[in-house]
């Protein structure tokens, strides 16, 4: 399942890049994120809770930054499982930052997500909607964190 | 985790005490604790109909019914239909029509059909197909099953 | 495995839900037990609502309005003679849920609380302007069906709240109908349409199911359409308004594109079906 | 208490009578025992941990927590099963994932515990350390340069035919006769297309399961839901490196198979658990596991081109298939090879060329499913026949009659056709479907024809006359509900001129039954029936010898009389089987036993006629033929197709039990209807997205036409028992092709992708202008 999207903010690219590379900022923006722990320069441990209707899942994820080209591109891989190991999540993510003509930044993201196991048996379409919804929420939170452009 | 709870059930006309895991479904209790085996686990999600039983005369899915909820209600399975003339007639017509192939769905189908004839002793073919639409059969293509129910109803009407 | 508790009153049920963090209310079980069997939910406690008298039965109030207890089985709704005219749509929707056996188990309250976007009641209830009565730790309140669904499987129900009844305005003598497009009999809808004609035959109320998180209903567009039902262009404009509200899924039952295509087709076909009923009547 | 009267007793003349299956009685009473209904003293319950990855190396397991979980007795992983590999055509599959996992859902570990709940709980506590590898999710990806390789040791695997395996190419097959390339120039009309078909799930109502017990000497007894106790025995022994003499395989009642239970499912894992736990273990799959772990019908990509002369005479066809194998070969090489043998249809096409590639992918294995590759190529081929007919103004019956194969012709690459009732099938359908509907409206009629073999491989029968003159028949053929026990008993009773109910059929048992390859390939009536008849004949001959001595006359003067008696022609005196058998048991010669084994041995390939490379079945079988007509409606709102009426005519040589043949035609058609209209396994990346009956839909009673007319055509095959040929698959093959032709009639649009969902059909109607978009 591919999740793609983009959004624009008024802030300069360098600032957006710094925020995106700040685990605490990111942790605060990911909906349902319970904690972010930096393991080393390029890897993180993240706990996320997701709820779809009556179904709740708590994931322990590890995020590995595979490629970094500041302040343009960041390629990462997320993998992890539910606490009870009954579902497994993997995601390959690419985030690209581009300068808009007006001094702002355009953020494009693509994530190729797979969920197998317990939650993988749940309907195909609803996952995408939920993911899109989470992505939208992320953008709202991220804008909040950036605050009003100087 | 396998703590068992004692329930008293009215099963096939008899009062039965059974210890079964907390939150167990009627299907689990019948099969694992009582060895009542005519109801089958075909999907465990209420879709296939192979576990259909009667509760207070109404067909329900044993896989979606909690045993705890059955206290105070009458549960009937194929094992308890021995003296039922309507069921005997349905069974005979199923045997003769070719409506039985692998047989895994058969108990559930007959239980749905039995209740239909209670509600509507002279059902049209369309009514039979509607009544059986919650019981999947993968072998027969349904034609001979519908034949059996209709011809049983005709015989019973005489 | 879950402990089953069987409260005798709504208040007790609400208290039990509040007491156990991982408790879930159990209505008919048709969906919840299936999900539990598949390991999708793992409640420590199931609060069995089957022993609460208040949740049962279909009643008419003094104004002719209808109150359907949350634990009313689909089979009873499908057979309810009080659901006539403008409310017949709800009866028809109930009769198309899953199959005869599951209809003996599933309840209106359970189905509405689960808020599956492809289930049959929500569009029918939206078409009927239903109001939900709910009870929770903060007491009792009412929620309009139009405010009920807030996202994918997300509703206006707060933590610990249960639906106690669904109330409907008094039926009026006007035809109504429900049509569901599904892969096979008894499947969830790929798309569905609930529609009722105004008593004077000049306007309609319509709700589309399975094309977004909740039913699609556009009362402004209905007002614009009023008086122009025999104008095919106006009907298609109306359908376009509903399609504009859609946010359909791509799933095993059909693509988002197909669902969008079905919205105007459903509106026109159900409208002609209703028109036929009027002529016959 | 017996509620239902036993079947009427037929004295002699069993063949051709619609005798009710004796097993029906216990089934309607809910007393039939399937695998899940068996319990043994001290029995444990098993559960399986499935792979969450499509392709990964297993670096290790941590079982500590799981072993300490309540109720757990034993855990089996790839470390416990040795290096043995099983497989019908290519031995590429371990009992359980070992070293690598190759698809999401592949069994990685299994637990035996006191209860199923405890076993499932413990599975979730097993930690597996995986190193993920890139995955191959389509045949095209698998063939690409630099694709990740699933089976690094493919070259070393044992193969039973010239597979041509390399990289991810599991096998390739190339067949040709005539000269296709130059034949196109002789064609006045050519149609060409690319078609895709989807994966279909068998959905036997009974999910797969097994129960294994180990005796004091370490010998294993294994009950399982299966289509062949002998294939179970071979697969378990190959994958666990057990001598076959150490494993006895039995079968309870089986809740249908359709191909799903022919090769192994979880029998090897269940045996491994029982051996490790030293206690009986029962493992029953959930419906979801049955979808995700067993097998399914292959998705095909078919490129087909057909050419004809202006008068409709077919000149040439070329067919190229690309087949998704899934992670293991299973029956796939056979399915692909068979689909190519069938791709010309039952037609005289002098220039025919077929080629196929079968490619490993990181998905569930695909395998045998009723039709065995035939429905996929037929969907393409029978549409092209109609298209040629349309172009030339020939109706569907006319163009098929003009080109159909006749008795004595040779099938593609060589097999000689025995009996052929196709013309009679076409006549029956045409006559019955003629004219408009009852309400006067025109039909949307679609036609397709098909042929299917019955035959293949080894089989046997032992007929024993018991002391009282009644009969015990033992064949080793598993009755999966279709009624083969009944049919074989009818053949036996007929040969012995005995009442049907005096023939008891023994349940298959690898300890006592003669070898039977399996209940598959529409073969039991034909092949096992031949063995039964021959074995029964031996018993008759032996009885005759006794009777000659008892009646003191030459054998030539004796006749077999109805009811188990032998008498002297023209005289009233006779001796009964009871008298004969008593004499044989106690005095002279020993008990009467007839025993016959055989293997189907007519070669498929005629090297003088055709070129064949990588042919997995060197000896296939005899041909049954069928014609199928359907009348459909298409809903203008949704595009959904409803089949209104069906005419299914099949030449089965001789119907041993006409009712059972009819039900095969009904059931086969309805399974084919699901395939044609909505059944589809959908993958989201590597994950099967609809492994449940909530999301994967099969036809219900309301989705099928009430009017399914069947016509049994009997053109006896000289080699078949009483002329009989197979009937198990032929009712399904043509469904999708006939429905596609009817949809084309109704909507003016041709479809090259299955299933014909409302969505696809509506899009076709909008394209062809038979419906219009309703938009503002």
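Counting only helices (runs of 4 or more DSSP H) that sit wholly inside the range D:676-776, those with at least 1 residues that are closer than 29 Å to residue D:388 by Cα and under 22 Å from the mean Cα position of the chain (by Cα) are D:730-733, D:735-747. When the range B:12-30 is filtered for residues that are within 14 Å of chain D (Cβ to nearest Cβ) and either within 12 Å of residue B:70 (Cβ to Cβ) or crowded, with 22+ Cβ neighbours inside 10 Å (or both), the ones remaining, listed by number, are B:20, B:24, B:25, B:27, B:28, B:29, B:30.
The condition of being over 20 Å from residue D:651 (Cβ atoms), touching a residue at least 60 places away in the same chain (Cβ under 8 Å) and out of contact with any helix residue (DSSP H, G or I) (no Cβ under 8 Å at 6 or more places or on another chain) holds for residue D:387.
Residue D:512 meets each of the listed conditions (1) away from chain B (no Cβ under 14 Å); (2) touching a strand residue (DSSP E or B) at 6+ places or on another chain (Cβ under 6 Å) apart from (2).
When D:710, D:700 are checked against the criterion of being out of contact with any strand residue (DSSP E or B) (no Cβ under 9 Å at 6 or more places or on another chain), modelled with pLDDT of 95 or more and not assigned by TED's automatic domain parsing to the domain that holds residue D:525, a single residue qualifies: D:700.
Flag set for residue D:53, criterion: touching a strand residue (DSSP E or B) at 6+ places or on another chain (Cβ under 8 Å) and more than 11 Å from chain B (Cβ to nearest Cβ). Restricting to the range D:556-578, name every residue that is surrounded by 18 or more Cβ atoms within 10 Å (Cβ to Cβ) and either assigned to a helix (DSSP H, G or I) or outside the structural domain of residue D:472 (by TED's automatic domain parsing) (or both). Selection gives D:577 alone.
Test residue D:440 against the stated conditions and say whether it is over 26 Å from the mean Cα position of the chain (by Cα) and not assigned by TED's automatic domain parsing to the domain that holds residue D:725. Considered against the rule, which asks whether it is over 26 Å from the mean Cα position of the chain (by Cα) and not assigned by TED's automatic domain parsing to the domain that holds residue D:725, residue D:440 comes out as no. Can residue D:507 be described as modelled with pLDDT of 95 or more, over 24 Å from the mean Cα position of the chain (by Cα) and more than 17 Å from residue D:654 (Cβ to Cβ)? No; evaluated as a whole, the condition is false for this residue.
Within the range C:249-271, the set of residues being in contact (Cβ under 8 Å) with a residue 12 or more places away in the chain, farther than 22 Å from residue C:195 by Cα and either more than 7 Å from every other protein chain (Cβ to nearest Cβ) or surrounded by fewer than 22 Cβ atoms within 10 Å (Cβ to Cβ) (or both) comprises just one member, C:253. Applying the criterion of being facing chain B (nearest Cβ under 8 Å) and over 30 Å from residue A:116 (Cβ atoms) to the residues of the range D:670-702, the residue that is surrounded by the fewest Cβ atoms within 10 Å (Cβ to Cβ) is D:702.
Checking the condition under 16 Å from residue B:36 (Cα atoms) and without any contact (Cβ under 8 Å) to a residue 60 or more places away in the chain, which residue from B:106, B:144, B:67 passes? Checking each option against the conditions leaves just B:106.
Is it the case that residue A:89 is in a strand (DSSP E or B) and away from chain C (no Cβ under 14 Å)? So residue A:89 fits the description; yes.
Matching residues to (1) within 21 Å of residue D:754 (Cα to Cα); (2) free of Cβ contacts under 8 Å to residues at least 60 places away in the same chain:
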residue: D:647; (1), (2): no, no
residue: D:655; (1), (2): no, no
residue: D:662; (1), (2): no, yes
residue: D:674; (1), (2): yes, no
residue: D:680; (1), (2): yes, no
residue: D:687; (1), (2): yes, no
residue: D:702; (1), (2): no, yes
residue: D:714; (1), (2): no, no
residue: D:718; (1), (2): no, no
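The one condition from (1) within 14 Å of chain B (Cβ to nearest Cβ); (2) touching a strand residue (DSSP E or B) at 6+ places or on another chain (Cβ under 9 Å); (3) within 22 Å of residue B:129 (Cα to Cα) that residue D:727 does not meet is (3). Residues that are in the same structural domain as residue D:74 (by TED's automatic domain parsing), in contact with a strand residue (DSSP E or B) (Cβ under 6 Å, 6 or more places away or on another chain) and more than 30 Å from residue D:230 (Cβ to Cβ) number at least 1 in the following strands (runs of 3 or more DSSP E) confined to the range D:265-351: D:300-308, D:314-326. Of all residues in the range D:194-220, those satisfying the criterion of being in contact with a helix residue (DSSP H, G or I) (Cβ under 7 Å, 6 or more places away or on another chain) and more than 30 Å from residue D:246 (Cα to Cα) are D:195, D:197, D:200, D:201.
Restricting D:183, D:199, D:234, D:216 to those that are within 14 Å of another protein chain (Cβ to nearest Cβ) and surrounded by fewer than 24 Cβ atoms within 10 Å (Cβ to Cβ) reduces the list to D:199. Of all residues in the range D:24-48, those satisfying the criterion of being more than 7 Å from chain B (Cβ to nearest Cβ) and part of a helix (DSSP H, G or I) are D:26, D:35. The criterion of at least 1 residues that are closer than 30 Å to residue B:28 by Cβ and touching a strand residue (DSSP E or B) at 6+ places or on another chain (Cβ under 9 Å) is met by the following helices (runs of 4 or more DSSP H) wholly inside the range D:76-190: D:116-123.
Does residue D:653 satisfy the condition of being buried (at least 23 other Cβ atoms within 10 Å of the Cβ), outside any strand (DSSP E or B) and within 10 Å of chain B (Cβ to nearest Cβ)?
Here the answer is no, as residue D:653 does not meet what is asked.
Just a yes or no: is a residue in the range A:103-114 outside any strand (DSSP E or B), at pLDDT 85 or above and over 19 Å from the mean Cα position of the chain (by Cα)?
Yes, the conditions are met somewhere in the range A:103-114.
Residues of the range D:749-776 that are within 22 Å of residue C:238 (Cα to Cα), surrounded by 14 or more Cβ atoms within 10 Å (Cβ to Cβ) and more than 8 Å from every other protein chain (Cβ to nearest Cβ): D:766, D:771.
Would you be able to say whether some residue in the range C:138-145 is touching a helix residue (DSSP H, G or I) at 6+ places or on another chain (Cβ under 7 Å) and buried (at least 24 other Cβ atoms within 10 Å of the Cβ)? Yes: the range C:138-145 contains one or more residues that are touching a helix residue (DSSP H, G or I) at 6+ places or on another chain (Cβ under 7 Å) and buried (at least 24 other Cβ atoms within 10 Å of the Cβ). For the range D:491-509, a residue qualifies if it is in a helix (DSSP H, G or I), touching a residue at least 60 places away in the same chain (Cβ under 8 Å) and touching a strand residue (DSSP E or B) at 6+ places or on another chain (Cβ under 8 Å), and the qualifying residues are D:493, D:496, D:502.
The residues on offer are C:275, C:243, and the sole one that is under 25 Å from residue C:203 (Cβ atoms) and either under 21 Å from the mean Cα position of the chain (by Cα) or part of a loop (DSSP other than H, G, I, E, B) (or both) is C:243.
The values are calculated or read from the model by the stated rules, or taken from the named source; none is laboratory data. Every value quoted in this text rests on a predicted model; they were computed, and no experiment measured them. No Cβ is skipped: glycine too gets one built from the backbone with ideal geometry, and neighbour counts run over all protein chains shown.
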